[in-house]
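The next block holds one structure in the form of structure tokens; read it before the comments.
What follows is calculated from the coordinates using simple rules that are stated; it is not laboratory data. Because the structure is predicted, anything quoted here is derived from the model rather than measured. Glycine gets a Cβ as well: all are built from the backbone with ideal geometry, and neighbour counts include every protein chain shown.
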Amino acid sequence: MIPDPAQFFALTKYRHAALFDDVRYVWEALERLEEYAARVAQPRNEGTVHDGAWIIGPVYIAPGAVVEPGALVQGPTYLGPGTVVRHGAYVRGYCVTGEACVIGHATEVKRAIFLDGAHAPHFNYVGDSILGNGVNLGAGTKLSNLKNDESVIEVEWEGRRINTGLRKFGAVVGDGVHTGCNSVTSPGTLIGPGCLIYPNVVLRGSCPANSIVKLRQRVEIVARR
């Protein structure tokens, strides 16, 4: 079995499912993102952009979408219906969201795909990554997208390593995944749908669907002297 889109997402209702058509490896959708975003991100506002927000370049804002004061959205970007970009968010371009997504306060997003209901609501970094339906990133979750030595990223999947050919690739986060606060994924991490990630976990490689990734800590409380 290969890590194709069907292993991670339900795409039948996603308005941008064409990104995944005939994709062999799920991360190959990111290679199509620049062309796709440039095509669908027609500069048009059908939602609400509050005073004090910045819109730079071609950005499509769908009905019901909101960009709050203090947010900066660079194009090409497509903000789907009901999506909220909160105060202090930074959207760096080549981003596509589905319905009812959240890009929250102090969250930075670039070259990212959000499926319906995906939330990166507080102090998150989402770079070169895909968030599935109903994903929720805990406060401070970071999806790291570049190795320290800047070498090409390999993915670990079912006991083998696959060369992605990408220098920048964050994570693929399957439908319904919830991460705990301050968790971090290493470049090229694959998380199957339905997983729960404990706070402060540093995760790399791949995580099978419907897993719980636990971190055990020993806390000792002693009397002051």
_Amide H contacts of VAL84 (H built 1.01 Å from N, under 5 Å, at least 5 apart or other chain)_ = VAL66, CYS101, VAL102, ILE103
*How far is the Cα center of region 176-215 from the Cα center of region 96-110, in Å?*
19
*May I ask you to list the lysines whose Cα is less than 27 Å away from that of LYS110, ignoring any residue fewer than eight positions away on the same chain?*
LYS13, LYS142, LYS147, LYS168
*Between LEU72 and ALA106, 0.36 nm times their residue separation minus their Cα-Cα distance comes to what?*
11.2 nm
*Where in the chain lies the longest segment free of GluC sites (Glu not before Pro) that are both loop residues by DSSP (not H, G, I, E, B) and have at most 10 other Cβ atoms within 10 Å?*
1-149
_Percent of beta bridges antiparallel (DSSP, the chain, rounded to nearest 5)_ = 10
_Quick check on the chain: helices-only [θ] at 222 nm, where DSSP H runs of length 4 and up contribute -39,500 (n - 2.57) each and the sum goes over total residues. Nearest 500, please._
-2000 deg cm²/dmol
*THR12 to ARG225: extension gain in nm, 0.36 nm per residue of separation minus the Cα-Cα distance?*
70.4 nm
*Compute the relative contact order of region 101-225 as a whole-number percentage, counting only Cα pairs closer than 8 Å that sit 6 or more residues apart in sequence.*
18
